[in-house]
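Okay, so here's the structure we're looking at.
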Amino acid sequence: MSKICITLCQFSPDWQAPKLSCQRLQNQLASIPTCDLLILPEMFASGFSMQPQQFVESYSVVSFLQDLAVQRNESIIAGVAEKHDTAFQNNALAVNPYGQILLRYQKQRCFTYAGEQEVYQAGKQAGIVEVAGVKTALFVCYDLRFPELFRAPAQQIEMMVVLANWPQERQAHWSALLQARAIENQCFVIGVNRIGEDGNGLHYAGGSMVINPDGVVITKLANESIAQVIIDLDEVAQQRQKFDFLADY
């Protein structure tokens, strides 16, 4: 299967209220046709909060995602704040249509500007997974500013997914960096950002994008919450055969 259908969901969570967020998301998705893959933003159920102790253990967002994947019979990639042992983590999860967690990617670069490194434990490994039949690398928000993280798995994958809470005031950076990652690594790059306003008064304009292996933006969302797009994975091999830049790395 070279073509897959992807749903981008620029969800605006209820601040630090996972149960309410998940209930509202499920209602919002009720009228949306099933695709091969549903992608949700970073910390989609809580917002980018530095107080995970207030909400992480109040509701099982992971169980919700597993149930949702089964109900919709589609794979899901979503950002979730979690606690493992005594450490909080800002993770991206890949879930298959059977509700199985295929990968739990731990954000590698904490956003020191917001003090994230004092609250969440940084990951140390790339997140590579085959989800919806696509060899994919997962990243979370601030990771986007570090091209070396993307180059490391580039030759093993066909698609890179970036989940974010990227504020409107730096929207131009978001767009430029996503395109750069696609051009550099000659693969599809999908960035899914949230919309709305968080508990700290920051505004998010979305700008979720699908970019092809030649760096061309084929889908970009503005204020709308959800969009669906079909991508042809054969374009990755074609671009890499035409311009074999990665071989010179």
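Would you please name the residue that is most open to solvent (accessible area, probe 1.4 Å), looking only at residues in the range 149-203 that are polar (S, T, N, Q) and outside any helix (DSSP H, G or I)?
Among residues in the range 149-203 that are polar (S, T, N, Q) and outside any helix (DSSP H, G or I), the one most open to solvent (accessible area, probe 1.4 Å) is Asn200.
Hey, any hits in the range 138-146 for a residue that's farther than 16 Å from Pro41 by Cα, surrounded by fewer than 18 Cβ atoms within 10 Å (Cβ to Cβ) and either over 17 Å from the mean Cα position of the chain (by Cα) or hydroxyl-bearing (Ser, Thr, Tyr) (or both)? The answer is no, given that none of the residues of the range 138-146 is farther than 16 Å from Pro41 by Cα, surrounded by fewer than 18 Cβ atoms within 10 Å (Cβ to Cβ) and either over 17 Å from the mean Cα position of the chain (by Cα) or hydroxyl-bearing (Ser, Thr, Tyr) (or both). The single residue among Tyr98, Tyr59, Tyr105 that is touching a residue at least 24 places away in the same chain (Cβ under 8 Å), at negative phi and within 14 Å of the chain's Cα centre (by Cα) turns out to be Tyr105.
Among the numbered conditions (1) touching a Phe, Trp or Tyr at 6+ places or on another chain (Cβ under 9 Å); (2) open to solvent by 10 Å² or more (accessible area, probe 1.4 Å); (3) more than 20 Å from Pro153 (Cα to Cα); (4) not in a loop (DSSP other than H, G, I, E, B), the only one that Val229 does not meet is (1).
Can you pull out the residues in the range 95-148 that are over 14 Å from Leu163 (Cβ atoms) and hydrophobic (A, V, I, L, M, F, W, C)? Within the range 95-148, Ile101, Leu102, Cys110, Ala114, Val119, Ala122, Ala126, Ile128, Ala132, Val134, Phe146 qualify. When the range 20-77 is filtered for residues that are part of a helix (DSSP H, G or I) and open to solvent by less than 10 Å² (accessible area, probe 1.4 Å), the ones remaining, listed by number, are Ser21, Cys22, Leu25, Leu29, Pro52, Leu65, Leu68, Ala69. Of all residues in the range 232-247, exactly one satisfies the criterion of being part of a loop (DSSP other than H, G, I, E, B), touching a residue at least 24 places away in the same chain (Cβ under 8 Å) and open to solvent by 40 Å² or more (accessible area, probe 1.4 Å), namely Phe243.
The values are calculated or read from the model by the stated rules, or taken from the named source; none is laboratory data. Everything numeric here is computed off the predicted structure, so don't read it as measured data. Cβ atoms come from the backbone with ideal geometry, glycine included; neighbour counts cover every protein chain shown. Side chains are part of the model used for accessible areas, which takes the heavy atoms of the whole protein and leaves out ligands, DNA and RNA. Shrake-Rupley method; radii C 1.70, N 1.55, O 1.52, S 1.80 Å.
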